[in-house]
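Some notes on the structure that comes next.
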Amino acid sequence: MNRALRPLIATTLIFALAYVAAVLQYPSMLSTRVLGNFLTDNAFLGIAAVGMTFVIISGGIDLSVGAVIGFTTVLIATLIMWAGLHPFAAFAVALGVAALFGAVMGAAIHYLKVPSFIVTLAGMFLARGGASVLSPDSIGIKHEVYTAISRSYILLPGGGRLTVIGLVMLAVFAVGIILAHRTRFGSYVYALGGSETSAALMGVPVARTTVLVYTLSATLAGLAGIVFSLYTSAGYSLSALGVELDAIAAVVIGGTLLTGGYGFIAGTFIGVMLQGLVQTYIVFDGTLSSWWTKIVIGGLLFLFILLQRLVFSASSPKGKVFWKT
Amino acid sequence: MRRSNLKAHLLRPQFAALAAVLFINWLLFPGFFAITWQDGRFFGSVIDVLNRGAPVAILAIGMTAVIATRGVDLSVGAVMAISGAVAAVMVSDGTPAVVAVAVALSAGLVCGLWNGVLVTYLDIQPIIATLVLMVAGRGLAQLVTEGSIVTFADPLLIYIGTGSLLGLPMPVVIAAVLMLLATLAVRRTALGLLIEAVGVNRSAARFAGISSRLLLLLVYTFAGFCAAISGLIVAGDIRGADANNAGLWMELDAILAVVIGGTSLLGGRFSIPMSVVGALIIQAMNTGILISGFSPQFNLVVKSAVIILILVLQSPMAAQWIARRTTAAERTPR
């Protein structure tokens, strides 16, 4: 068995065990309906988490994704409802704005030599502030395209519905896996996360890669915003509050090292699904309050960080330090 | 402290920024500096800035120590919610307020200790180690309050949030005392030097004989303690504990205050009083935006513009540019 895949296998195993345990208690959870809802309800989180995985593998962090999602929903809502743009034109504008936003943040991180944490924090304030300046109130979106998209789905055997936004998330994960493991850009990102100096000495275009990674993350956050606006049919400046933390949690649970240079896009998918499972379980249970979601996710995060440390200290031959202090 | 040293301190850009913000506030609102004496305490916009800025200032004091060790504590907002919730629930159950405050502060100490253990003994990156408590902490606070907003009428807790001592609001007094004690502790003993040593290079500090683990534990525990104090103030101010909103995003304001104060995020250089000045700059901006009649939404945009400006000014590129300018100016004959 490949040692490098151990964390991924551990995460998958824990998800499978948790799912089996949940099904034993509530047999109705084993249905394509529930699985379809997993995908639909967590589509925006999954899409944003793919971008976050790339950023974290490159050794950075992006705190602005939740704010970019919120900003995108408001931008789309104002473009469609006030400017009268066709939704697809509004989507294109939103993606363009998000990509530009990410590129500027990436450039600031590289050229100003500021920690990504602070730059994206400023980006988060800017995007949230910009969204509430555009419109402090929630704007409902009414358009035939929106109703058409929310009505179309693929019927799975067993009555489950694979919605358009669920499919978009699956497609983003597929593209993300190919991009990370099968392209030159993907190798550059891993190299950058391993060691920026070594990467630069090996001839990795550090500036371009850094800018592209944050552009990718912001663009995917923009796409997540589009999906979120399709999901809720509204634009609100405070929507997707704290999604950046959920996305980081999904990435960590998925086995990606926060120091960069090591991780899987596929693991992030399991991380997102595990969070969906926790939420669904709490809904099924009915007696547990929603705040348990936060405690359980925090506990899972802790468990997986601990697990990563144990797995890594066991599998590294000479006690090589994987966690920079 | 020598006099020239004090003058150099007062000439720092942070004080210029604070003066500029206060000046703009004065232009927008001519009565800004007016202070009146009423019911045995001072009232006025400046006092209000100090009062509103106190919770973030207290967080910033703890955060400064953490950031000086090249760490960061994201959980302070959640710890505020926990301490407020603990105090409120205990008081409404009839526990004496002194005990409730003590237990709330110990809850903060325990939270800080937890972060410290994760960072030192498990060697987890500070951002991630404290992220755990940031995510779970608010849930724990809601567990304590059982999901509702617990209100109370206990005089001691309300006094912490809204009372006054020597004419000054209690939060200001607490923040000032804490700042003074913390500054004395780090500057009059070797503690500050040790913290800086750990921040610059943890292994080098260990080889130099500094018990970096103990020091890191101490620093994170102190940050948790500061967060607990801040949580008590916020709870006392609204006479209730709101697990969802108490201290929400305050960790970001505190980090911002520390950065504005000139503490290096790369560790090793820190100043507690300057972080407090940073917190006051943020609050003066908030107040300015409010009294100028702009909607509070502009707050975030202005805040981000200030961060960007500071980052550009602190960046190596700007330093190079200034260095080039000064050498060029020296070369040109006058």
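Just so you know, all these numbers are worked out from the coordinates, no wet-lab data involved. All figures in this text were calculated on a predicted structure; none of them were measured in a lab. In this analysis, Cβ positions are derived from the backbone assuming ideal geometry, glycine residues included, and neighbour counts consider all displayed protein chains.
Kindly give the semi-axes, whole Å and largest first, of the ellipsoid equivalent to chain A, taking each as the square root of 5 times a Cα gyration tensor eigenvalue. Can you show the working numbers first?
Numbers: eigenvalues 183, 152, 55 Å².
Each semi-axis is the square root of five times an eigenvalue, giving 30, 28, 17 Å.
Once the convex hull of all Cα atoms in the stretch A:1-63 is built, its volume per residue stands at 118 Å³.
A protection proxy built from the mean count of other Cβ atoms within 10 Å ranks the segments A:218-226, B:37-45, most packed first, as A:218-226, B:37-45.
Just the ratio, please: alpha-carbon radius of gyration of the stretch B:34-121 over 2.2 N^0.38 Å, N its number of residues. Could the numbers behind the result be given before it?
Numbers: Rg = 16.9 Å, N = 88, 2.2 N^0.38 = 12.1 Å.
Taking N as the residue count of the stretch B:34-121, the ratio is 1.40.
In summary, the helical segments of chain B meeting the span-like criteria, namely a full DSSP H run, a Cα extent along the axis of 27 angstrom or more and a mean Kyte-Doolittle hydropathy of at least -1.0, are B:45-68, B:97-120, B:126-145, B:212-238, B:272-291. Each listed q (0.09, 0.13, 0.16 Å⁻¹) maps to a log10 I(q)/I(0) for the stretch B:38-293 from the Debye sum over equal C-alpha point scatterers, namely -0.37, -0.77, -1.13. At q = 0.17, 0.20 Å⁻¹ the log10 of I(q)/I(0) for the stretch B:274-326 amounts to -0.65, -0.77, computed by Debye summation with a single uniform scatterer per C-alpha, solvent ignored.
Order the peptides B:155-161, B:126-132 from the highest to the lowest mean number of other Cβ atoms within 10 Å of their residues. Numbers along the way, then the final one.
Numbers: B:155-161: 18.1, B:126-132: 24.7.
Highest mean packing first, the order is B:126-132, B:155-161.
Compute the length gained on full extension between residue B:187 and residue B:309: take 0.36 nm times their separation in residues and subtract their Cα-Cα distance, giving the result in nm to one decimal.
On the way: separation 122, 0.36 × 122 = 43.92 nm, distance 2.98 nm.
Extending this stretch completely gives an extra 40.9 nm.
Largest GNM mean-square fluctuation across A:13, A:301, A:45, computed for chain A with C-alpha springs under 10 Å, falls on A:13.
Dividing the helix sum by the residues of chain B, where each DSSP H run of 4 or more adds -39500 (n - 2.57), gives a mean residue ellipticity at 222 nm of -24000 deg cm²/dmol.
Shielding of B:296-303 by partners, i.e. mean partner chain Cβ atoms within 10 Å per residue?
Values: counts 3, 10, 3, 4, 12, 8, 2, 6.
Mean shielding count: 6.
Quantify how strongly other chains surround peptide A:256-263 by giving the mean number of their Cβ atoms within 10 Å of each of its Cβ atoms. Show your work: numbers first, answer last.
Values: counts 0, 1, 6, 2, 0, 0, 0, 0.
Average per residue, whole number: 1.
Dividing the Cα radius of gyration by the Kirkwood radius, what Rg/Rh value follows for the stretch B:158-250? Let's see the in-between values first.
Details: Rg = 17.1 Å, Rh = 15.3 Å.
Ratio of gyration radius to Kirkwood radius for the stretch B:158-250: 1.11.
Averaged over peptide B:123-130, how many Cβ atoms belonging to another chain are found within 10 Å of each residue's Cβ? Please list the in-between numbers first.
Values: counts 7, 8, 7, 1, 6, 10, 3, 0.
Rounded to a whole number, the mean comes out at 5.
Equivalent ellipsoid semi-axes for the protein assembly as shown, as square roots of 5 times the alpha carbon gyration tensor eigenvalues: give them largest first, rounded to whole Å.
Details: eigenvalues 305, 177, 156 Å².
Over the Cα atoms of the protein assembly as shown, the semi-axes work out to 39, 30, 28 Å.
If I take every Cα pair under 8 Å that is 6 or more residues apart in chain B, average their sequence separation and divide by the length, what percent do I get for the relative contact order?
Details: 558 pairs, mean separation 103.7, N = 334.
That works out to 31 percent.
Placing unit charges on each Cβ (+1 for Lys and Arg, -1 for Asp and Glu) gives the protein assembly as shown a dipole about its Cα centre, and among A:132, B:311, B:218 the Cα reaching farthest toward its positive end belongs to B:311. Report note on the peptides A:269-275, A:74-80: ranked by the mean count of other C-beta atoms within 10 Å, highest first, their order is A:269-275, A:74-80.
Which trypsin sites (Lys or Arg not before Pro) in the stretch B:186-273 pass both tests, a DSSP loop state and at most 16 other beta-carbon atoms within 10 Å?
Filter output for the stretch B:186-273: B:188, B:239, B:269.
When only Cα pairs below 8 angstrom with a gap of at least 6 residues are kept, the stretch B:32-85 shows a relative contact order of 18 percent.
Short-range pairs are left out: with C-alpha atoms under 8 Å and at least six residues apart, the relative contact order of chain A is 33 percent. Total lysine pairs in the protein assembly as shown at Cα distances under 29 Å, for residues eight or more apart or on different chains: 6.
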